[in-house]
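The values are calculated or read from the model by the stated rules, or taken from the named source; none is laboratory data. None of the values given here were measured: they were computed from a predicted structure. Cβ atoms come from the backbone with ideal geometry, glycine included; neighbour counts cover every protein chain shown.
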Amino acid sequence: MKKIAAIVLFFSALSLRAQDSPRRLVELGFDLGIPYTGSYRGALDVFKDVVTPDWSDMVFDLDNRLGAFFNIHESAYLNFNLGVNFKIGLFTGINSIGQFKIPPSVDLDHGSASFLEAGLWFSTRIRRWTLTVRPSYFLPLVYVNETEIYTPLPLAPSGDTDLLSMLRKGGLDLSLRGEYPLFRNLLIGGTITHIPLLTAELKDTYSRGVSGTGNKVLFRPFKLGVNAVYRPFYKWLFTLKPEVALVFNTIYDTPVSVYGDFALTGEFNLREVVILDLGTHYEDLTWKQRAALTLNFRALELTIGISTQSPQFIETFQGVGFGIDLGVRVGY
């Protein structure tokens, strides 16, 4: 069953990301990410399997070679830009984080989880401050540790499914962000992500081939972060965006893992029509090198990004893991 949970976690990555920075009066959009998250054999062997696939081996022999690491926060969204002082939006989708190997590895088996989420956000400006509030409902779809799998539904057949009872197993959290223009070319900000309001609780488990009941309380990673937007030439042509955060994560290890997040992104912007982003990210114990190109045609905006990713920094340059993401926004 751990094979099935691994597949669920992977396909949870084929999801959509929320955006709370609308460029239009009304905007509908989504981002679709397609990651490859690594294995014992490396990227070249995977390409070889694509050319001459052995599907029975790939499905039934995962235990011999599967290693995965991913960090995806994505959803579909509908945004309304109601002027300089107020913006609001709705979002729904799936986010997944995880690092594990099959069979377990001491240096890479932190746990994995995938969450369904839905919520809204609103942003307002008070004097020179811009404040954003984002409440979210989240439902764990699957949680995997070294020996157990937890789900909101029994893994063994049990007749009719009570959807309302399943949704009651979800939780609520709240994210806050504040931004302030310290100078004409420097904006600073702070974020508090996933403040727990109501915890999610899963009781259906599968361990060593046997279905059962347990009691797993889940929070999404709680983060305290600061960021800046710096334009060294006082123009939007080139912008530097550094970010750092302190993370408390109960999904990785027990009872809690504490670590830091980091990102440094450079943005080249040609009159809001052609935008190129290049960045190095370290988020939830995974390194990522990413490049993205955005073409903004006013009514239609397209973004395509490519990334390499791994728990080890040097491996992001060796093809161990990579991803492609596509974003679309339409509106006026």
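If we keep just the residues of the stretch 208-221 that are in contact with a Pro (Cβ under 7 Å, 6 or more places away or on another chain) and in a strand (DSSP E or B), which is nearest to Tyr180 (Cα to Cα)?
At the first step, the residues of the stretch 208-221 found to be in contact with a Pro (Cβ under 7 Å, 6 or more places away or on another chain) are 211, 218-219.
Keeping just the survivors that are in a strand (DSSP E or B) gives 211, 218.
On the way: Ser211: 52, Leu218: 33 Å.
Going through the qualifying residues, I end up with Leu218.
Looking for whichever is at pLDDT 95 or above and over 30 Å from Gln318 (Cβ atoms) here; the options are Ala228, Ala291. Which one fits? Write out each step before concluding.
Values: Ala291 fails: over 30 Å from Gln318 (Cβ atoms).
Only one candidate passes the filter, namely Ala228.
Give just the number: which of (1) in contact with a Ser or Thr (Cβ under 7 Å, 6 or more places away or on another chain); (2) of a type outside the set (D, E, K, R); (3) exposed (fewer than 14 other Cβ atoms within 10 Å of the Cβ) does Thr193 not satisfy?
All conditions pass for Thr193, except number (3).
Residue under question is Arg177, and the condition is that it be of a type in the set (Lys, Arg), over 18 Å from Tyr252 (Cβ atoms) and modelled with pLDDT under 95; does it hold? Give the steps one after another, and end with the answer.
On the way: of a type in the set (Lys, Arg): yes; over 18 Å from Tyr252 (Cβ atoms): yes; modelled with pLDDT under 95: no.
For Arg177, the condition - of a type in the set (Lys, Arg), over 18 Å from Tyr252 (Cβ atoms) and modelled with pLDDT under 95 - is not met.
Going through Thr303, Thr316, Thr280 one at a time, which residue ends up being closer than 30 Å to Phe80 by Cβ, among the hydroxyl-bearing types (Ser, Thr, Tyr) and in contact with a strand residue (DSSP E or B) (Cβ under 8 Å, 6 or more places away or on another chain)?
Values: Thr316 fails: closer than 30 Å to Phe80 by Cβ; Thr280 fails: closer than 30 Å to Phe80 by Cβ.
Criteria check complete, one pass: Thr303.
Return the pair list, or none, for Cβ contacts closer than 6 Å from residues in the stretch 233-245 that are under 14 Å from Tyr282 (Cβ atoms) to residues that are among the polar types (S, T, N, Q) and in a strand (DSSP E or B), at least 6 apart or on different chains.
Glu243/Asn227
Among all residue pairs at least 6 apart or on different chains, which show Cβ distances below 7 Å where the first residue, located in the stretch 294-311, is on the phi > 0 side of the Ramachandran plot and among the hydrophobic types (A, V, I, L, M, F, W, C) and the second is modelled with pLDDT of 90 or more and surrounded by fewer than 13 Cβ atoms within 10 Å (Cβ to Cβ)?
none
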